[in-house]
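The values are calculated or read from the model by the stated rules, or taken from the named source; none is laboratory data. Since the structure is predicted, the reported quantities are computational estimates derived from the model, not experimental observations. Using ideal geometry, Cβ is built from the backbone for each residue, glycine included, and neighbour counts are taken over all protein chains shown. Note: accessible area is taken over every heavy atom of the protein model, side chains too, but ligands, DNA and RNA are not part of it. Shrake-Rupley method; radii C 1.70, N 1.55, O 1.52, S 1.80 Å.
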Amino acid sequence: MPATLSDAIRFLETQWSSITENKVLGILAELRFKEFLSARDYHFVSGGWIVTPGRPTPGSCDVPALEKICILPRQHRFTWQKDGFQNNLLTPAEMSAYNYFREVRVRTLFASPIEIVEGDFMYPTPSEKKARALYPRPYEMQLQEVSPNGAITSVDPMEVFRLFPRRKGNIGVRCHKINRIDQSAVPWTSASMVSDLFWFEYAKYFFQIDYLFSNNDLDLFVVGPSGASYPVEIKSKAAAKDTALGEWFGIDMGPFAKLTFFTANKRNNDALYVVEEVTAQKDHVQWLGIRFSDLVKSCSWVGQSGGKGMMGGASSTYKIPKAAFMPLAGLLSSL
């Protein structure tokens with residue numbers, strides 16, 4: 001396991017093709033949002049992955065998008081963390097997240113680390129000749145479900161991913177150069193934030209070595225005062241303006257489709273879109289939020305070209321009037 005904070009950051013670098021300003025701003029926004037929730041004693045889960053088979057498997061998976069799996073990585077406290085704790089029992093927020101995705105008919109599993117030994121950590125090693133690249137998995141991850149009697153049971157990954165094509169060698173696996181992050185700068189000095197990101201990325205990396213899949217991330221999952229639970233999409237944005245709409249914020253097509261999927265069922269599930277409004281100089285202004293069920297009623301139905309996304313590519317955006325958002329504290333208290 002990474003023996004130091006620096007080791008954990010280097011692993012993250014190998015997983016990110018682009019470490020853009022937008023990506024760092026997104027990570028900072030998530031960190032501040034977690035601090036906002038913690039200060040008000042809200043329960044939350046630090047993200048997860050929705051994965052689908054990478055291509056159709058003849059005779060077993062003709063429509064890959066229908067075969068979604070939700071993976072919720074569990075945390076393990078490192079010795080270099082001053083905060084956080086190790087909890088082998090599922091938290092109320094983890095159970096709420098698990099039940100939410102089960103209700104939207106997505107098979108949901110916890111990815112838990114086992115055989116944790118801190119020491120010399122072996123990194124994925126890029127190579128000009130892809131076949132020679134090394135992708136070590138220095139410790140095992142187990143997939144777990146909750147049985148009807150409440151017991152946590154391990155599940156064979158081969159059964160979970162039976163509709164997912166097996167990867168042939170290292171073809172398609174990628175890792176990227178290290179030493180691209182200034183580790184003395186915020187947010188990389190936050191041990192708890194780096195630990196969360198490490199487990200988040202390692203869970204995906206571990207299973208991608210064996211299976212071909214596409215993935216979409218879950219920023220966060222929060223439980224409201226009523227006990228209702230919500231997946232959350234978080235962005236840090238300055239308000240834009242136009243003459244017809246006034247001030248507005250955008251939501252990219254990918255997150256819009258993801259939140260639509262979560263809410264497209266008969267159980268009245270909802271999701272949240274949270275915006276940290278910032279100035280043009282990236283200084284914090286305020287926290288705002290909106291239920292997705294309200295977002296789809298108030299947003300424009302015609303997309304427009306957006307700026308660069310967190311991975312550096314172009315995005316397509318739907319406009320949402322700023323007036324449709326609520327101050328975040330008021331929105332959370334109403335959940």
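Overview of results
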| quantity | calculated |
| --- | --- |
| Some residue of the range 48-65 being at pLDDT below 85 and in a helix (DSSP H, G or I) | yes |
| Subset of the range 180-199 (residues that are in a loop (DSSP other than H, G, I, E, B) and either β-branched (V, I, T) or open to solvent by less than 40 Å² (accessible area, probe 1.4 Å) (or both)) | I181, A185, V186, P187, W188, T189, S190 |
| Residues satisfying the stated conditions in the range 132-188, i.e. more than 16 Å from I19 (Cα to Cα), of a type in the set (V, I, T) and touching a helix residue (DSSP H, G or I) at 6+ places or on another chain (Cβ under 8 Å) | V146, I171, V173 |
| Enumeration of residues in the range 200-220 that are under 22 Å from L66 (Cα atoms), assigned to a strand (DSSP E or B) and within 16 Å of the chain's Cα centre (by Cα) | F213, S214, N215, N216, D217, L218 |
| S38 in a loop (DSSP other than H, G, I, E, B), at pLDDT 85 or above and out of contact with any helix residue (DSSP H, G or I) (no Cβ under 9 Å at 6 or more places or on another chain) | no |
| Qualifying positions in the range 242-259 - touching a helix residue (DSSP H, G or I) at 6+ places or on another chain (Cβ under 8 Å) and open to solvent by 50 Å² or more (accessible area, probe 1.4 Å) | E247 |
| Residue list for the range 163-179, filter: surrounded by 14 or more Cβ atoms within 10 Å (Cβ to Cβ) and either charged (D, E, K, R) or more than 22 Å from the chain's Cα centre (by Cα) (or both) | L163, P165, R167, N170, R174 |
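Residues checked against (1) farther than 24 Å from V24 by Cα; (2) modelled with pLDDT under 90:
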{"site": "L259", "(1), (2)": "no, no"}
{"site": "N268", "(1), (2)": "yes, yes"}
{"site": "C299", "(1), (2)": "yes, no"}
{"site": "A314", "(1), (2)": "no, yes"}
{"site": "K319", "(1), (2)": "no, no"}
{"site": "A329", "(1), (2)": "yes, no"}
{"site": "S334", "(1), (2)": "yes, no"}
